[in-house]
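Data first, discussion second: the structure below is written as structure tokens.
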Amino acid sequence: MPQSTRKILLPAMTPGGGRSLTVHRFGRAGARPKAYLQAAIHANELPGVMVLHHLLPMLVKADRKGRIKGEIVIVPAVNPIGFAQLVGHTHLGRYDFLGRDNFNRNWLDLSAEVARRTGAKLGRKAADNVAMIRTAALAALAAMKPVNELQTLRVEAMKLSIDADVVLDLHCDAHSSLHLFISAHDWPGAARVLAADIRAEATLYNEPYPASLTFSGVNSALWPRLAELFPAARIPQACLSATIEYRGQHDVNHALGEADARNLYRTLVRRGAIAGRAGALPRLKAQATPIGGMDVGYCPKPGMLIYHLPPGARARKGDAVCEVIDPYDPRGPKARTQIFARTDGILFSRKLDGRLTWPGAVAYRIAGAKRLAHRKGMSGLDD
Ligand SMILES: [Zn+2]
């Protein structure tokens, strides 16, 4: 079936308003594997939009040649609500104005509803269980009657993703190297292949699965949550769902977009969604590390933030990663408060130099291999 494009209308929140989602579909509906890719949930993160801008014509070409073997669904920019957040000649994004919700939290955990619909029927045949769970999850979403625009967006996006074999949610950080958030259930396995193919500089896994209700989290965690509820049934991790952070907000150019799109295309070939030869798997750049080993630097006071290390740098425990400068303090170096790394690892995320900061603001993240006592029980999603 050739490529199709459709618009999903979202309910208007103000008289005369009304926005929509644009969805591109390649391949036959129901063909496997199904891959679902979306970008810019946070709206002000455009590197992923650039990657999909370059991936889409590659898929159009593959489609014309009859090479799409599975089903590929692409939402190039999934958050028209956030796109419209123009304030004082600045585009904001990230948080919903209406409920002040972070756009990538509070997605729908369908596990209880799917359990209610499937529970007694789940058995020892994994393939039957997967089909049953996907059908139940879609039915649960179809039964939802969201009222407002953001809730409708969440339900509609999940209708596109919840039955996929691969879900890739494309984000970026402030000033960052390319990194990946996954479930421990997928590592090494499918996530290792993805990390190698997209050339991830760091990969962080949630243990045992993403408990936070991020978009990739709910798509991934459905399976292990059900497996916990029904230990006698055979329920595999049927979906590789990952958040890809395509570097920093300003890393948007054709060279990067095209190279990243080629890497995604290759991984779709490797998964069998597109016919062709993927070639040898590129060398893995970094082993995955636990979220519990991620050191997060918080600013202790208000001031101006200045970094000593570039994104992607290897930090060592005790290194000064950055400093907060008190602009009112006349004592030069003594006006600078250092923030020190508390682990050895890759500084995969930081902000830009010279920004205003405040107490408790996240200044950086370091991917370390050792689980850290001071991070125990923390999800890492605190901004
Ligand atoms: Zn994001």
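The values are calculated or read from the model by the stated rules, or taken from the named source; none is laboratory data. From a predicted model like this one, the values you see are computed outputs, not experimental measurements. All Cβ positions, glycine included, derive from the backbone under ideal geometry; neighbour counts span all protein chains shown. Note: accessible area is taken over every heavy atom of the protein model, side chains too, but ligands, DNA and RNA are not part of it. Shrake-Rupley method; radii C 1.70, N 1.55, O 1.52, S 1.80 Å.
Here is a check on your reading of the model: is ALA84 modelled with pLDDT under 95 and away from the ligand (no atom under 16 Å from the Cβ)? I'd like the intermediate steps shown before the answer.
Details: modelled with pLDDT under 95: no; away from the ligand (no atom under 16 Å from the Cβ): yes.
So ALA84 does not fit the description; no.
Go over the candidates VAL60, VAL49 one by one and state the one that is within 16 Å of the ligand (Cβ to nearest atom) and open to solvent by 10 Å² or more (accessible area, probe 1.4 Å).
Working: VAL60 fails: within 16 Å of the ligand (Cβ to nearest atom).
Checking each option against the conditions leaves just VAL49.
Just to be sure before I move on: is PHE230 among the aromatic types (Phe, Trp, Tyr), in contact (Cβ under 8 Å) with a residue 40 or more places away in the chain, within 16 Å of the ligand (Cβ to nearest atom) and open to solvent by 20 Å² or more (accessible area, probe 1.4 Å) in the structure I sent? Before you say what the answer is, go through the steps one by one.
Numbers: among the aromatic types (Phe, Trp, Tyr): yes; in contact (Cβ under 8 Å) with a residue 40 or more places away in the chain: yes; within 16 Å of the ligand (Cβ to nearest atom): no; open to solvent by 20 Å² or more (accessible area, probe 1.4 Å): yes.
Here the answer is no, as PHE230 does not meet what is asked.
Please count how many residues of segment 201-217 are β-branched (Val, Ile, Thr) and open to solvent by 10 Å² or more (accessible area, probe 1.4 Å). Before the answer, list the steps.
Looking only at segment 201-217, we keep the residues that are β-branched (Val, Ile, Thr), and these are 203, 214.
Remaining after also requiring open to solvent by 10 Å² or more (accessible area, probe 1.4 Å): 214.
So the answer is 1.
Taking PRO210 as the residue in question, decide whether it is within 16 Å of the ligand (Cβ to nearest atom), outside any strand (DSSP E or B) and not polar (S, T, N, Q).
Values: within 16 Å of the ligand (Cβ to nearest atom): yes; outside any strand (DSSP E or B): yes; not polar (S, T, N, Q): yes.
It is true that PRO210 is within 16 Å of the ligand (Cβ to nearest atom), outside any strand (DSSP E or B) and not polar (S, T, N, Q).
Would you check which residues across segment 239-266 are open to solvent by 20 Å² or more (accessible area, probe 1.4 Å), more than 16 Å from the ligand (Cβ to nearest atom) and among the aliphatic types (A, V, I, L, M) and list them?
Hits for segment 239-266 are ALA255, LEU256, ALA259.
Among the residues of segment 11-33, how many are on the phi < 0 side of the Ramachandran plot and open to solvent by less than 10 Å² (accessible area, probe 1.4 Å)?
Going residue by residue through segment 11-33, those that are on the phi < 0 side of the Ramachandran plot are 11-15, 17, 19-26, 28-29, 31-33.
With open to solvent by less than 10 Å² (accessible area, probe 1.4 Å) added as a condition, the list becomes 21, 23, 26, 31.
Final tally of qualifying residues: 4.
Quick one: would you say ALA278 is surrounded by fewer than 19 Cβ atoms within 10 Å (Cβ to Cβ), away from the ligand (no atom under 16 Å from the Cβ) and touching a residue at least 12 places away in the same chain (Cβ under 8 Å)? Even if it seems obvious, please write down each step before you answer.
Numbers: surrounded by fewer than 19 Cβ atoms within 10 Å (Cβ to Cβ): yes; away from the ligand (no atom under 16 Å from the Cβ): yes; touching a residue at least 12 places away in the same chain (Cβ under 8 Å): yes.
Here the answer is yes, as ALA278 does meet what is asked.
Any residue in segment 147-154 that is at pLDDT 95 or above, under 23 Å from the mean Cα position of the chain (by Cα), hydroxyl-bearing (Ser, Thr, Tyr) and open to solvent by 10 Å² or more (accessible area, probe 1.4 Å)?
Yes, because at least one residue in segment 147-154 is at pLDDT 95 or above, under 23 Å from the mean Cα position of the chain (by Cα), hydroxyl-bearing (Ser, Thr, Tyr) and open to solvent by 10 Å² or more (accessible area, probe 1.4 Å).
Since TRP187 meets every condition but one in (1) away from the ligand (no atom under 16 Å from the Cβ); (2) closer than 23 Å to VAL78 by Cβ; (3) of a type outside the set (Ser, Thr, Tyr), which condition does it not meet?
(2)
Quick one: LEU309 ticks every box in (1) among the hydrophobic types (A, V, I, L, M, F, W, C); (2) more than 21 Å from the chain's Cα centre (by Cα); (3) modelled with pLDDT under 95 except a single one, so which number is it?
The single condition LEU309 does not satisfy is (3).
So which of LEU372, LEU381, LEU309 is surrounded by 15 or more Cβ atoms within 10 Å (Cβ to Cβ) and more than 26 Å from ALA184 (Cα to Cα)?
Numbers: LEU372 fails: more than 26 Å from ALA184 (Cα to Cα); LEU381 fails: more than 26 Å from ALA184 (Cα to Cα).
Within the list LEU372, LEU381, LEU309, the selection yields LEU309.
For the list (1) surrounded by 15 or more Cβ atoms within 10 Å (Cβ to Cβ); (2) touching a Phe, Trp or Tyr at 6+ places or on another chain (Cβ under 8 Å); (3) on the phi > 0 side of the Ramachandran plot, I need the number of the one condition that ALA363 fails.
So the condition that ALA363 fails would be (3).
Residues of segment 89-103 being part of a loop (DSSP other than H, G, I, E, B), of a type outside the set (A, V, I, L, M) and either within 13 Å of the ligand (Cβ to nearest atom) or open to solvent by 70 Å² or more (accessible area, probe 1.4 Å) (or both), which ones? Lay out the reasoning, then the answer.
First, pick out the residues of segment 89-103 that are part of a loop (DSSP other than H, G, I, E, B): 89, 92-94, 96-101, 103.
Cutting the leftovers down to of a type outside the set (A, V, I, L, M) gives us 89, 93-94, 96-97, 99-101, 103.
Within segment 89-103, HIS89, GLY93, ARG94, PHE97, ARG100, PHE103 qualify.
Quick one: in segment 167-184, of everything that is open to solvent by 10 Å² or more (accessible area, probe 1.4 Å) and more than 14 Å from the ligand (Cβ to nearest atom), which residue is nearest to ARG134 (Cα to Cα)?
ALA184
Report yes if GLY368 is within 26 Å of the chain's Cα centre (by Cα) and over 26 Å from ARG94 (Cα atoms), otherwise no. Outline the logic, then answer.
Details: within 26 Å of the chain's Cα centre (by Cα): yes; over 26 Å from ARG94 (Cα atoms): yes.
In short, yes.
Quick one: count up the residues across segment 321-365 that are closer than 21 Å to ASP173 by Cα, more than 23 Å from the chain's Cα centre (by Cα) and hydrophobic (A, V, I, L, M, F, W, C).
Total satisfying the criteria: 8.
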